[in-house]
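Participant: Would you mind keeping the following structure in view while I ask a few things?
The values are calculated or read from the model by the stated rules, or taken from the named source; none is laboratory data. If you're wondering where the values come from, they're calculated on a predicted model, not measured in any experiment. All Cβ positions, glycine included, derive from the backbone under ideal geometry; neighbour counts span all protein chains shown. The area values use the complete protein model at the heavy-atom level, side chains included, leaving out ligands, DNA and RNA. Shrake-Rupley method; radii C 1.70, N 1.55, O 1.52, S 1.80 Å.
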Amino acid sequence: MSHDNCLFCKIASGEIPSTKVHEDEDFVAFKDIHPAADTHVLVIPRKHVETLSNCTQSDAPLLGKMMILVARLADELGCAYTGGDTGFRTVINTGPGGGQEVYHLHAHILAGPRPWKRMG
Ligand code: AMP
Ligand code: ZN
C-alpha cells in the first residue's frame with residue numbers, strides 16, 4: 001500500500017482520529033480499535049515502512065528506538081515486567097503469513113488478565 005493511502009500514516013498525521021497515548025518526533029502510539037486484551041496499544045514510526053521484512057541495516061536505529069519506546073510505554077501503561085507474574089507481550093505481524101492487516105510497521109503491546117481475544 002502506498003504512503004498516500006495508508007491508514008496508519010493518516011493516524012500519525014491526525015487526519016484519522018485515534019486515542020493516542022504517546023507522540024514524539026519519530027513515533028506515535030494509540031489504542032487498538034479492536035482490543036484483544038485490556039491493554040492493547042499500537043506503536044508506529046511516523047516514517048512509512050511497510051513491514052519488518054522491508055527493514056534494512058539503515059533502519060536499525062529506528063527499530064532500536066521503537067523497542068525502547070515499547071518498554072517505556074509498557075511501564076507508563078502499568079504493565080512493565082517488575083517481577084512476579086507481571087509483564088506484557090509485544091507482537092509484530094509481518095506479511096499475510098504473519099497475519100499483518102495494516103501495511104505500516106507497528107508493534108502491538110498486549111497485557112492484562114487472560115483470556116485475550118484472538119488476534120487476526
Ligand atoms: P495487524 O494485524 O498486525 O496488521 O494489526 C492491525 C491492527 O490495527 C488490528 O489489531 C486492528 O484492530 C487495528 N486497527 C485497524 N484500524 C484501526 C484504527 N482506525 N485505529 C486503531 N487501530 C486500528
Ligand atoms: Zn504508512
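Participant: I'm trying to understand the selection: among the residues of the range 63-120, which are assigned to a loop (DSSP other than H, G, I, E, B) and of a type in the set (D, E)?
Facilitator: Selection gives D85, E101.
Participant: Quickly run through the range 16-49 and pick out the residues that are out of contact with any helix residue (DSSP H, G or I) (no Cβ under 9 Å at 6 or more places or on another chain) and either among the basic types (K, R) or within 14 Å of ligand 2 (Cβ to nearest atom) (or both).
Facilitator: K31
Participant: While we're here: Can you tell me which residues in the range 27-50 are within 14 Å of ligand 1 (Cβ to nearest atom), part of a loop (DSSP other than H, G, I, E, B) and closer than 29 Å to T86 by Cα?
Facilitator: Of everything in the range 27-50, those that are within 14 Å of ligand 1 (Cβ to nearest atom), part of a loop (DSSP other than H, G, I, E, B) and closer than 29 Å to T86 by Cα turn out to be D32, I33, H34, P35, A36, A37.
Participant: A further question follows. Residue by residue through the range 83-97, note down the ones that are under 19 Å from A37 (Cα atoms) and near ligand 1 (Cβ under 10 Å from one of its atoms).
Facilitator: Within the range 83-97, V91, I92, N93 qualify.
Participant: Another one. Going by the conditions given, is D24 within 13 Å of ligand 1 (Cβ to nearest atom) and of a type in the set (D, E, K, R)?
Facilitator: No.
Participant: Right, another one. Among all residue pairs at least 6 apart or on different chains, which show Cβ distances below 8 Å where the first residue, located in the range 23-37, is open to solvent by 100 Å² or more (accessible area, probe 1.4 Å) and the second is more than 16 Å from ligand 2 (Cβ to nearest atom) and outside any loop (DSSP other than H, G, I, E, B)?
Facilitator: K31/V21; K31/H40; K31/V41
Participant: What single numbered condition from (1) surrounded by 13 or more Cβ atoms within 10 Å (Cβ to Cβ); (2) away from ligand 1 (no atom under 12 Å from the Cβ); (3) outside any loop (DSSP other than H, G, I, E, B) fails to hold for S58?
Facilitator: Evaluating S58 over (1) surrounded by 13 or more Cβ atoms within 10 Å (Cβ to Cβ); (2) away from ligand 1 (no atom under 12 Å from the Cβ); (3) outside any loop (DSSP other than H, G, I, E, B) leaves (1) as the failure.
Participant: Report whether or not A80 is hydrophobic (A, V, I, L, M, F, W, C) and open to solvent by less than 10 Å² (accessible area, probe 1.4 Å).
Facilitator: no
Participant: Which of the residues belonging to the range 1-21 are near ligand 1 (Cβ under 10 Å from one of its atoms) and surrounded by 15 or more Cβ atoms within 10 Å (Cβ to Cβ)?
Facilitator: L7, F8, K10, I11, S18
Participant: Would you please name the residue that is farthest from H104 (Cα to Cα), looking only at residues in the range 62-94 that are of a type in the set (S, T, N, Q) and more than 15 Å from the chain's Cα centre (by Cα)?
Facilitator: Restricting to residues being of a type in the set (S, T, N, Q) and more than 15 Å from the chain's Cα centre (by Cα), the top hit is T82.
Participant: Continuing with the same structure: Quick one: would you say H106 is surrounded by fewer than 16 Cβ atoms within 10 Å (Cβ to Cβ) and in contact with a strand residue (DSSP E or B) (Cβ under 9 Å, 6 or more places away or on another chain)?
Facilitator: Here the answer is no, as H106 does not meet what is asked.
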